[in-house]
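The values are calculated or read from the model by the stated rules, or taken from the named source; none is laboratory data. No experiment lies behind these values; they were computed from the predicted model shown. A quick note on method: Cβ atoms are made from the backbone with ideal geometry, for glycine too, and the neighbour counts reach across all protein chains shown.
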């Protein structure tokens, strides 16, 4: 089974993705929808229903979920045996 680990990243309008977690005012908000606006702006919609508009100069701290597999987990060999 694969788990997910949260990797810290700096988020800009060009790098934001769905399911990114932004740290805003001490709260962690997950992006569930985003829309491109004029002049490089992006409208982010969070799970809570709140919205945020990122300007081209916006920089935010956040995290991105990446697949994680334990180094101690044994994987099956070429013949399906562990």
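Taking into account only those residues within the range 19-56 that are touching a residue at least 40 places away in the same chain (Cβ under 8 Å) and surrounded by 14 or more Cβ atoms within 10 Å (Cβ to Cβ), which is farthest from residue 8 (Cα to Cα)?
Here is the first cut: in the range 19-56, the ones touching a residue at least 40 places away in the same chain (Cβ under 8 Å) are 19-23, 54-56.
Narrowing further to those that are surrounded by 14 or more Cβ atoms within 10 Å (Cβ to Cβ): 20-23, 54.
Numbers: 20: 10, 21: 9, 22: 10, 23: 10, 54: 19 Å.
Selected residue: 54.
Would you confirm whether or not the range 70-81 contains a residue that is more than 16 Å from the chain's Cα centre (by Cα), at pLDDT 90 or above and not in a strand (DSSP E or B)? Break it down into steps so the answer makes sense when it comes.
Here is the first cut: in the range 70-81, the ones more than 16 Å from the chain's Cα centre (by Cα) are 70-81.
Among the residues that remain, those that are also at pLDDT 90 or above are: none.
So far as the range 70-81 goes, no, none of its residues is more than 16 Å from the chain's Cα centre (by Cα), at pLDDT 90 or above and not in a strand (DSSP E or B).
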Residue match in the range 39-53 (condition: within 18 Å of the chain's Cα centre (by Cα), assigned to a strand (DSSP E or B) and at pLDDT below 95): no
